Amino acid sequence: APGRVHPGVSDTPVTSPDLFPTLLELAGLPLQPRAHVDGRSILPILRGGALPERPVFWHYPHYGNQGGSPGSAMRKGEWKLIQWFEGDRIELFNLKNDPGEKTNLASGEPSRVREMQRELDAWRKEVGARMPAPNPAWTKRP
């Protein structure tokens, strides 16, 4: 988009769902909020501006062939909460101090965990996120 975006760097967290509304806006087409529930146009960033801070959510309710495990996560500011469905484990990281997510701070930040967990639960409910369910036809092999 020559002349419509500015070169530069931003540390604003964005995700792939932001691409669709951004491309619609660049093309001068109306946004389709039902088709990009979690996406926000990042055109203000591309034009050298900023976006208001917002939480960013992920939901991965299944196992993947590349090692992914069922879970959900959210990032809010410098904090990232991960809920692993198997074993219902919670991890909390301060990404500013620990970008490699090496030190789980969940046990020392119970109020932050509760707050972020409530937001994550509310988001899953709002978007109708499907939750994993046991497969009765599958049995563990020794």
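So, E86, is that one at pLDDT below 95, in contact with a strand residue (DSSP E or B) (Cβ under 9 Å, 6 or more places away or on another chain) and either open to solvent by 50 Å² or more (accessible area, probe 1.4 Å) or within 30 Å of P7 (Cβ to Cβ) (or both) or not?
yes
Filter the range 93-142 down to the residues that are open to solvent by 80 Å² or more (accessible area, probe 1.4 Å) and either of a type in the set (K, R) or touching a strand residue (DSSP E or B) at 6+ places or on another chain (Cβ under 7 Å) (or both) and list them by number.
Within the range 93-142, K96, K102, R114, R118, K125, R130, K140, R141 qualify.
Just the residues that are open to solvent by less than 60 Å² (accessible area, probe 1.4 Å), of a type outside the set (A, V, I, L, M) and within 17 Å of A129 (Cβ to Cβ), please, taken from the range 39-58.
Those that are open to solvent by less than 60 Å² (accessible area, probe 1.4 Å), of a type outside the set (A, V, I, L, M) and within 17 Å of A129 (Cβ to Cβ): G39, P55, F57.
Filtering the range 6-16 down to residues that are surrounded by fewer than 15 Cβ atoms within 10 Å (Cβ to Cβ) and either outside any loop (DSSP other than H, G, I, E, B) or not hydroxyl-bearing (S, T, Y) (or both), which residue is modelled with the highest pLDDT?
The qualifying residue modelled with the highest pLDDT is S16.
Give P70, P30 a once-over and let me know the one that is of a type outside the set (D, E, K, R) and open to solvent by 30 Å² or more (accessible area, probe 1.4 Å).
Sole residue among the options that is of a type outside the set (D, E, K, R) and open to solvent by 30 Å² or more (accessible area, probe 1.4 Å): P30.
If only one of P55, P13 is under 17 Å from V127 (Cα atoms) and touching a residue at least 12 places away in the same chain (Cβ under 8 Å), which one is it?
The match here is P55.
In contact with a helix residue (DSSP H, G or I) (Cβ under 8 Å, 6 or more places away or on another chain), open to solvent by less than 60 Å² (accessible area, probe 1.4 Å) and touching a residue at least 12 places away in the same chain (Cβ under 8 Å): is that true of L24 in this structure?
no
Among the listed residues E91, E78, E86, which satisfies the condition of being in contact (Cβ under 8 Å) with a residue 12 or more places away in the chain and touching a Pro at 6+ places or on another chain (Cβ under 8 Å)?
Sole residue among the options that is in contact (Cβ under 8 Å) with a residue 12 or more places away in the chain and touching a Pro at 6+ places or on another chain (Cβ under 8 Å): E86.
Any chance the range 17-36 includes a residue that's of a type outside the set (D, E), in contact with a strand residue (DSSP E or B) (Cβ under 8 Å, 6 or more places away or on another chain) and more than 30 Å from P2 (Cβ to Cβ)?
No, every residue in the range 17-36 fails to be of a type outside the set (D, E), in contact with a strand residue (DSSP E or B) (Cβ under 8 Å, 6 or more places away or on another chain) and more than 30 Å from P2 (Cβ to Cβ).
Applying the selection to the range 73-83, what residues are open to solvent by 40 Å² or more (accessible area, probe 1.4 Å) and at positive phi?
Result: no residue meets the conditions.
The values are calculated or read from the model by the stated rules, or taken from the named source; none is laboratory data. This is a predicted model, so every value here is computed, not measured. Because the Cβ atoms are built from the backbone with ideal geometry, glycine has one as well, and the counts that use them run over all protein chains shown. Heavy atoms of the whole protein, side chains included, go into the accessibility calculation; ligands, DNA and RNA do not. Shrake-Rupley method; radii C 1.70, N 1.55, O 1.52, S 1.80 Å.
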